[in-house]
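Here is the structure we will look at, set down as structure tokens.
Readers should treat all values here as calculations from the given coordinates under stated rules, not as data from a laboratory. Everything numeric here is computed off the predicted structure, so don't read it as measured data. Virtual Cβ from ideal backbone geometry, glycine too; neighbours counted across all protein chains shown.
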Amino acid sequence: MKEEQLNELLYQALETELGGVQIYEAAVRCAINEELKEEWEKYLEQTRNHVEIMQNVITELGLDPETETPGRKVVRHIGESLLQAIEMARTAGEPEAAQVVAAEAIVLAENKDHLNWHLIGEVAGKAKSKVAELLKEAHEKVEDEEDEHLYHTMGWARELWMESLGMKAVLPPPEEVKDVKTAIGAARAQNARSKMM
Ligand SMILES: [Fe+2]
Ligand SMILES: [Fe+2]
């Protein structure tokens, strides 16, 4: 295991969660659909908890959570750009469109979040005992929530787009109704949407 690169992953994971908190705060302000708003409020709370979990992991490994790296700066830049995109849409005066932009921004941010935690899970299976234990414990707390953040929001983004096109939409989306937690489950849910209209 390349320790330095593992540290890089952890710093990026923390930065992703920090950006996620801001993105969810902005997204909640754009949510019109009540169920979606509740969902994003829940994800916001979970993401705040993920920040704490990552800060603890980094500190426990004897590292400084404030450490800057070029890669971390890139993650922050992307997060800030997504935030700006949401704000741009929110001030444009079309609430439905802003809600879709917020959903798309979350999908983009959660792709990175999901990848980080997948990699943390992979490392946990291979690292030296103390590190492995720490990562495994964190991963177990977070994994299911990350699946939900990504797959359910993908469903919302698609169905809100369908609705905006004047087509039949399944709201809440099938991913939500079927409580999808895997990529295969998301594909199945999407496949089943025609039967849910
Ligand atoms: Fe997260
Ligand atoms: Fe997430």
Just give me the residues in the stretch 113-153 being within 16 Å of ligand 1 (Cβ to nearest atom) and hydroxyl-bearing (Ser, Thr, Tyr), in sequence order. TYR151, THR153
Out of LYS112, LYS73, sole residue that is of a type in the set (Lys, Arg) and within 12 Å of ligand 2 (Cβ to nearest atom): LYS112
Please determine whether any residue of the stretch 27-36 is within 16 Å of ligand 1 (Cβ to nearest atom) and more than 22 Å from PRO173 (Cα to Cα). no
Checking ALA85 against (1) surrounded by fewer than 16 Cβ atoms within 10 Å (Cβ to Cβ); (2) free of Cβ contacts under 8 Å to residues at least 40 places away in the same chain: exactly one of these is not met. Which one? (1)
Within the stretch 26-38, of all residues that are in a helix (DSSP H, G or I) and in contact with a helix residue (DSSP H, G or I) (Cβ under 7 Å, 6 or more places away or on another chain), the one surrounded by the fewest Cβ atoms within 10 Å (Cβ to Cβ) is ARG29
The stretch 117-145, residues that are of a type outside the set (Gly, Ala, Ser) and in contact (Cβ under 8 Å) with a residue 40 or more places away in the chain: TRP117, LEU119, ILE120, VAL123, LYS126, LYS128, VAL131, LEU134, LEU135, LYS141, VAL142, GLU145
Which count do you get for residues in the stretch 12-65 that are within 16 Å of ligand 2 (Cβ to nearest atom) and of a type in the set (D, E, K, R)? 9
Given the conditions (1) within 18 Å of the chain's Cα centre (by Cα); (2) more than 16 Å from ligand 2 (Cβ to nearest atom); (3) more than 25 Å from ARG29 (Cα to Cα); (4) acidic (Asp, Glu), report the number of the one that GLU143 does not fulfil. (2)
Look through GLU35, GLU4 and report the one residue that is more than 19 Å from VAL142 (Cα to Cα), of a type outside the set (A, V, I, L, M, F, W, C) and touching a residue at least 40 places away in the same chain (Cβ under 8 Å). GLU35
Here's a check for you: in the stretch 172-185, which residue that is surrounded by 18 or more Cβ atoms within 10 Å (Cβ to Cβ) and more than 27 Å from ILE120 (Cα to Cα) is farthest from ligand 1 (Cβ to nearest atom)? PRO174
Looking at this structure, is GLY71 in a helix (DSSP H, G or I) and closer than 24 Å to ALA102 by Cβ? no
